[in-house]
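Novice: There's a structure below that I have some questions on.
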């Protein structure tokens, strides 16, 4: 489990394609400082399992399903990525419960710079809109954010200076893709009250 509080901006070393899957190599000195094979690290919001390390670089398998659901397959060497280690038992839940199980992707539609923060609008797949609520939580590229407004096909968030400086969201431009994970509690509530979605 993760909290959506990014620990470090890493960078992509490479993605080796193996059939429909692949192995992703990432440089992240902070997150690799105490990592062991088998540990989980969220990369742009995707929970990946470390298969080996070499100094500040770790490698992780990326399944075909992950490449379909996220945009990890579009990453190129040098691209920055948000990194977060899994939260330890008893650790602080600084954001919200984030599983690292990406539900789909969106696109940055509009960015409005402000004096103290940016207001950013993203597209939202209609199949996910029912799980997103005003003042609720959503993970965008693994960053825990509060929803300012939502419609059937888009949502808006405010990005504070810390988020702009310490995550990839500060450098995202109109048209750039983002990984989205909706609040898992909303999905469980739906399943318990109305059954499985169509």
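Novice: Taking one equal scatterer on every alpha-carbon of the range 85-147, how large is log10 of I(q)/I(0) by Debye at q = 0.14, 0.25, 0.27 1/Å?
Specialist: -0.50, -1.24, -1.34
Novice: Also: Using a simple spin-label model with points 7 Å from Cα along the Cα→Cβ vector, what separation in nm is obtained for residue 146 and residue 64?
Specialist: Between residue 146 and residue 64, the label points sit 4.3 nm apart.
Novice: Also: Determine Rg/Rh for the range 73-179; Rg is computed over alpha-carbon atoms and Rh is the Kirkwood hydrodynamic estimate from the same atoms. Walk me through the numbers on the way to the answer.
Specialist: Numbers: Rg = 13.8 Å, Rh = 14.6 Å.
Computed over Cα atoms, the ratio is 0.94.
Novice: Follow-up. Taking only Cα atoms, what is the 0 to 90° angle, nearest 10, from helix 184-194's long axis to the longest principal axis of the chain?
Specialist: It is inclined by approximately 50 degrees.
Novice: Here's another thing I want to ask about it. Using a Förster distance of 35 Å, how high is the FRET efficiency between residue 34 and residue 187, based on the Cβ-Cβ distance and rounded to 0.05?
Specialist: Plugging the Cβ-Cβ distance into 1/(1 + (r/R0)^6) gives 0.65.
Novice: Any chance you could run the full-extension gain for residue 79 through residue 166? It's 0.36 nm times the residue separation minus the Cα-Cα distance, nm to one decimal.
Specialist: 29.9 nm
Novice: If I model a spin label at residue 11 and residue 110 as a point 7 Å from the Cα along the Cα→Cβ vector, what separation in nanometres do I get?
Specialist: 3.4 nm
Novice: Please report how far the C-alpha centroid of the range 96-110 lies from that of the range 134-198, rounded to the nearest whole angstrom.
Specialist: 5 Å
Novice: Candidates (i) 19.1, 64; (ii) 16.8, 53; (iii) 16.3, 49; which is the computed Rg and Dmax of the Cα atoms in Å?
Specialist: (iii)
Novice: Okay, next question. With each run of n ≥ 4 DSSP H residues scored as -39500 (n - 2.57), what mean residue ellipticity at 222 nm is computed for the chain after dividing by its residue count and rounding to the nearest 500 deg cm²/dmol?
Specialist: Mean residue ellipticity, 222 nm, calculated: -3000 deg cm²/dmol.
Novice: In a GNM of the chain with a 10 Å cut-off on Cα contacts, which of 92, 17, 111 has the highest mean-square fluctuation?
Specialist: Looking only at 92, 17, 111, the largest GNM fluctuation is found for 92.
Novice: Moving to a separate point now. Computed on alpha carbon atoms, what radius of gyration and Dmax characterise the range 8-85, expressed in Å?
Specialist: 11.1, 31
We did not get these values from a lab; they are worked out from the coordinates using the rules stated. Only a predicted model underlies this, so the values are computations on that prediction, with no experimental measurement involved. Please note: Cβ atoms are built from the backbone with ideal geometry, for glycine as well, and neighbour counts cover all protein chains shown.
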